[in-house]
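Below is one structure, written out as structure tokens; comments come after it.
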Amino acid sequence: MPLPVYLETFGCQMNELDSELVTSQLRTLGYRFTPDADAAQVVLFNTCSVRELAEQKVWSRLGELAIRKVRQPALVVGVLGCMAEREGEALLKRMPVVDILVGPGELDKLPGLLDNAVRTRLSLAHDAPVVPAELEQIPTALKKSLVSAGQSALQGNTTRRSSTLAAAADSLEMLDLSRATAPEDHHGSAYVRITRGCNKFCTYCVVPYTRGAEVHRPPEHILDECKRLADAGVIEITLLGQTVNHYRFEHASAVSINGIVQPQKGRIYKANEELADAYAGERVTTFADLLKRIHDEVPAIKRLRFVTSYPRSFGNDVLQVIRESPRICRYLHVPAQSGSNRMLQAMNRGYTVEQYLEFLDRARQFLHQPEINRPLTLAGDIIVGFPGETEEDHEATKTLLRKARYKNCFIFKYSPRPGTTAYDKLADDVPDEVKRRRNNELLALQQQISDEVGKEIIGRTLQVFVQGISKRQAKVKSRAAGSGKVALTIGGRSAEMAGDHAPEQGGACSVNGSHITTEIAGDENGRNQPEIAQFEARTDGDLIVHFDAPAAESDHLVGSIIDISIQSVNGLSLTGRRA
Ligand code: SAH
Ligand code: SF4
Ligand code: F3S
């Protein structure tokens, strides 16, 4: 009987992808996944450390599991991801309920650790006497037997040592390469990692510490993965990287171990591994080259997106490829973080407000082609209440929002993260009520801007990519009042919150791979009436569009690109009708 596993994911798209890879890895080893945490024998949390709130959620869930484990000693608890890496062994001390700890750079080690932990827990459970329900009634000796020995796989401070990086990246690369591509695993849409880690060290951010050094995956592997996903029915791919536009692979320094091209960090492999003859002397693959290759070589991918863009070094070569490629989305998530140069400097972002706005203008001009109805839309991130932020800095951020005119912007209250430069060197001196007020002011301003951006589109006809039946607003209408019963079931992973890097905030909704089954309705004269379903689609610029169409057309509509004339706007979603 396969062991039931419950896996819950916190954090960004990187984590969602990691969870998908872990799921397919464990499935092949005979584990089965359950959506019901209470029914699971293995509970895994894939965690995020980017803000304190993200970690608090996990601490409280672990507290609940500690109580449950008293009654269910065979329960295995695992903490994966950024929080495991950031907290390290201290997490095991604070929460002895945790059996395994696996950082994002060591996920390939999960099966071995899990297998060990399952055996240990089962043997402990077998020996343990029947325990009373209340924790406080349990004798200390027994409590100790319920506590785990806690095993971990963490990169720790080896993450930035080049000698260990090659080997670690090698096995991680295998994890990406071995991903499952069955239709039930992707529902038409998939993430593909192009770069791991981050080298930017923005002063507030834990990511360079939890995800390690920037490593670019070989383009051949990325292309192979895209092709395999496309062959399996994927039609939308989102490329992932913390500074995705900085992708760069130097072929001449690539090496091959056992036939696998290694992910690359500069030339660090040269010293300790063989050079790959196949790539010697070849050129560099830039982000623009990579985008073009995926677009041209995998035409079955109808929508190609990428997140998250870094405002600096975003070349015209990338904009040119977007302009020339009908299947690359005209959407940039390009966080500014602040509208004040003083704050940007303290954050170590490496650009000024003027340079940021110059980039937005450049991108808009490059992609301004009214004749093809594919306007560029932008999304951003802002941190409010960074140390030293004054009212003047805050006003400057409002000015930036007005100029940037994002379709949506994620606004976060600064959260000091242990281990970061800002935590060590800058006092968290903006009181929480001030952060909250500034946060609310920016949210209100952005709401107004989002409404305006939406209203500008009313009356226009846009090409939209039909993703499926809208789940949240699923409805079936029969044209004749009082007609027979209509049943609509929607399958697939749908209407999920997909806030870009915004675990605590709602973002855009996406509907993927829905299928419908209908009971055919009849009117009082026994004639069949076509059922109308609400479909969900997305523009190039990642705006959500709802429109009604006969449910029976679902087969040819879903996955296609059609023209929709936009009628109205409601929050972040537009409503339209087929043009
Ligand atoms: N690599 C991306 C961001 C990844 S983290 C980039 O540079 O744009 C996602 C977002 O979380 C960041 O854009 C930032 O707005 C926010 N964030 C990161 N650390 C934070 C902190 N300590 N407090 C509040 N927000 C933070
Ligand atoms: Fe964090 Fe900055 Fe790297 Fe983004 S670029 S992940 S904010 S350090
Ligand atoms: Fe969180 Fe790690 Fe992503 S800290 S935002 S899960 S990279």
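The values are calculated or read from the model by the stated rules, or taken from the named source; none is laboratory data. Being a predicted model, the structure only gives us computed values, none of them experimental. Backbone-built Cβ (ideal geometry, glycine too); neighbour counts: all protein chains shown. Note: accessible area is taken over every heavy atom of the protein model, side chains too, but ligands, DNA and RNA are not part of it. Shrake-Rupley method; radii C 1.70, N 1.55, O 1.52, S 1.80 Å.
Out of (1) without any contact (Cβ under 8 Å) to a residue 60 or more places away in the chain; (2) surrounded by 18 or more Cβ atoms within 10 Å (Cβ to Cβ), what's the single condition that is false for Val298?
Only one criterion in (1) without any contact (Cβ under 8 Å) to a residue 60 or more places away in the chain; (2) surrounded by 18 or more Cβ atoms within 10 Å (Cβ to Cβ) is unmet by Val298, namely (1).
Can you name every one of the helices (runs of 4 or more DSSP H) wholly within segment 178-281 that holds 3 or more residues which are at pLDDT 95 or above and under 27 Å from Tyr331 (Cβ atoms)?
So the answer is 207-210, 219-231.
For segment 438-459, enumerate the residues that are exposed (fewer than 15 other Cβ atoms within 10 Å of the Cβ) and touching a Leu at 6+ places or on another chain (Cβ under 9 Å).
Correct list: Ile458 only.
Look through Leu557, Leu572, Leu543 and report the one residue that is under 28 Å from the mean Cα position of the chain (by Cα) and either open to solvent by 50 Å² or more (accessible area, probe 1.4 Å) or of a type in the set (Asp, Glu) (or both).
Of the residues listed, the single one that is under 28 Å from the mean Cα position of the chain (by Cα) and either open to solvent by 50 Å² or more (accessible area, probe 1.4 Å) or of a type in the set (Asp, Glu) (or both) is Leu572.
Between a residue in segment 79-100 that is over 15 Å from Trp59 (Cβ atoms) and any residue that is more than 16 Å from ligand 3 (Cβ to nearest atom), which pairs come within a Cβ distance under 6 Å, given they are 6 or more apart or on different chains?
Here the result reads Asp99/Val76; Asp99/Val77; Asp99/Ala117; Asp99/Ser148; Ile100/Leu113; Ile100/Ala117; Ile100/Gln151, each pair linking segment 79-100 to a residue that is more than 16 Å from ligand 3 (Cβ to nearest atom).
Say we look at segment 20-54 and pick out the residues that are open to solvent by less than 10 Å² (accessible area, probe 1.4 Å) and outside any strand (DSSP E or B); which of these is farthest from ligand 1 (Cβ to nearest atom)?
The qualifying residue farthest from ligand 1 (Cβ to nearest atom) is Ala40.
Given the options Lys413, Lys435, name the one that is open to solvent by 30 Å² or more (accessible area, probe 1.4 Å) and either of a type in the set (S, T, N, Q) or not assigned by TED's automatic domain parsing to the domain that holds Arg86 (or both).
None of the others qualify; the one that does is Lys413.
Please state which one of Gln320, Gln369 is among the polar types (S, T, N, Q) and assigned by TED's automatic domain parsing to the domain that holds Val384.
Gln369
Name the residue, out of Val215, Val207, that is closer than 23 Å to Ser338 by Cβ and within 15 Å of ligand 2 (Cβ to nearest atom).
Only one candidate passes the filter, namely Val207.
Please state which one of Glu64, Glu8 is open to solvent by 10 Å² or more (accessible area, probe 1.4 Å), more than 16 Å from ligand 1 (Cβ to nearest atom), more than 21 Å from Met174 (Cα to Cα) and in a helix (DSSP H, G or I).
Testing whether each residue is open to solvent by 10 Å² or more (accessible area, probe 1.4 Å), more than 16 Å from ligand 1 (Cβ to nearest atom), more than 21 Å from Met174 (Cα to Cα) and in a helix (DSSP H, G or I) leaves just Glu64.
Tell me, which residue of segment 85-109 that is touching a Gly at 6+ places or on another chain (Cβ under 8 Å) and within 19 Å of Tyr31 (Cβ to Cβ) is farthest from ligand 2 (Cβ to nearest atom)?
Asp99
Examine segment 417-439 for a residue that is touching a helix residue (DSSP H, G or I) at 6+ places or on another chain (Cβ under 9 Å), outside any helix (DSSP H, G or I), within 30 Å of Asp563 (Cβ to Cβ) and away from ligand 2 (no atom under 16 Å from the Cβ), and state whether such a residue exists.
no
Return yes or no: is Leu26 over 25 Å from the mean Cα position of the chain (by Cα) and among the aliphatic types (A, V, I, L, M)?
no
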